């Protein structure tokens, strides 16, 4: 049995079957920049980017040399019960980039773990029992992070064991203030852009008011920057574009250059000490491979490239060009409800058609009855044009736009052309 068939049998059979039904069971063998190739040599433009993990594209040449050099040096990868100089350097770089409000960084292996560290730090430092979170968010699938997840399929089987955290409507200051008034909220967790909810973008006025409310009610503000961080919005961290400084924020995905898994929880001055600052408490939250040398080397190389005014300026320029052309091309398309974007992160929201093709039961997907299918059909049509795209996790009517930050103009033109043709075809057929 080859590895592709083995995946569908032994790793995730349900997903393997779904990919087969939707024509996305690709057998990819090579990835470079913004391109992937399958076993037959067919090339695809990647507009998913590992859900924001590949800001520098596949196998970035700017990261690989540092990894090779490190592996040849025989430096320890795990500094067990010792000082870890590479995680120290990476923490120092992140804090320098974030500013004087921050002091410590906890390293882990994923976004979910980074969120867990933020939640535990807030609860321990405040000595309070609850977290408030914005509805429709996506923060990970471990139990703590899942307790802050949008209601629905990701969490419904686990509701009985999840912490009783408090859900607050997105962009609703009155609801947040009501939640905070109880005095038991340690922190409010929110994404500056709710990607999986359909690319819902928080306004600067809202986030500034959130900052003020949290301060007034003695609660921390936590920003989840797992998808929006590391240059995605044209700033190293999205909150820098809003001029709203959180107490803690979390990073992952693209921090490792798309090669190494790494998560980071960047923590405000004195907060880690308040939560875990004694000798006996210094290791009650830890991660064996968190901050391992190889991941830190990849992250240091990634930051060196992305945390650069010229690089970030190019992200903003490319984004403005891309979305101006996309909005112009889709302006008169009745099936397009809206286009939202910030930096090289966006989404096209599609209205549902009435054709039987849009009924999941007619696609042998009866378990998805009631779920929007317009985005899924658009993704399949884009794949026919060698464009790999995906819908938003909580809103399948929105086709996400998340190319590598190094995306070239020609790739942008191909995407706009393919998206325009897809929408025109859907207007005639669905």
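Can you tell me what percent of all Cα-Cα pairs in the stretch 2-112 are more than 25 Å apart?
Roughly 47 percent, once rounded to a whole number.
How large is the helix-only mean residue ellipticity at 222 nm for the chain, computed as the sum of -39500 (n - 2.57) over DSSP H runs with n ≥ 4, divided by its residue count, in deg cm²/dmol to the nearest 500?
-11000 deg cm²/dmol
Of the peptides 337-350, 90-103, how do they stack up when ordered by the mean number of other Cβ atoms within 10 Å, highest first?
The most tightly packed comes first, giving 337-350, 90-103.
I want to verify a result. In a Gaussian network model of the chain, Cα cutoff 10 Å, which of these has the top mean-square fluctuation: 80, 104, 142?
Sorting by GNM fluctuation, first place goes to 80.
Quick one: compute a quarter of the convex hull surface over the Cα atoms of the stretch 208-322 and quote it in nm².
8.8
Across the Cα atoms of the stretch 64-306, what radius of gyration and what greatest pairwise Cα-Cα distance (Dmax) are found, in Å?
My reading of the Cα-based Rg and Dmax gives 17.5, 56 Å.
For the chain, max minus min Cα coordinate along each principal axis, in Å, sorted largest first?
Largest first, the chain extends 65, 56, 45 Å along its Cα principal axes.
May I ask for the distance between the Cα centers of the stretch 17-81 and the stretch 96-147, given as a whole number of Å?
Measuring centre to centre over Cα atoms gives 27 Å.
In the stretch 64-306, what % of DSSP beta bridges are antiparallel (nearest 5)?
So the antiparallel bridges amount to about 45 percent of the total.
Between helix 409-429 and the chain, what is the angle of the helix's C-alpha long axis to the longest principal axis, kept within 0 to 90° and rounded to the nearest 10?
Compared with the principal axis, the helix lies near 60 degrees.
Which Rg and Dmax, in Å, describe the Cα atoms of the stretch 50-118?
14.4, 37
All of the numbers you see were taken from the coordinates with simple rules; none came from a lab. Fair warning: this is a prediction, and the values are worked out from it, not measured in the lab. We place every Cβ from the backbone using ideal geometry, glycine too, and count neighbours over all the protein chains shown.
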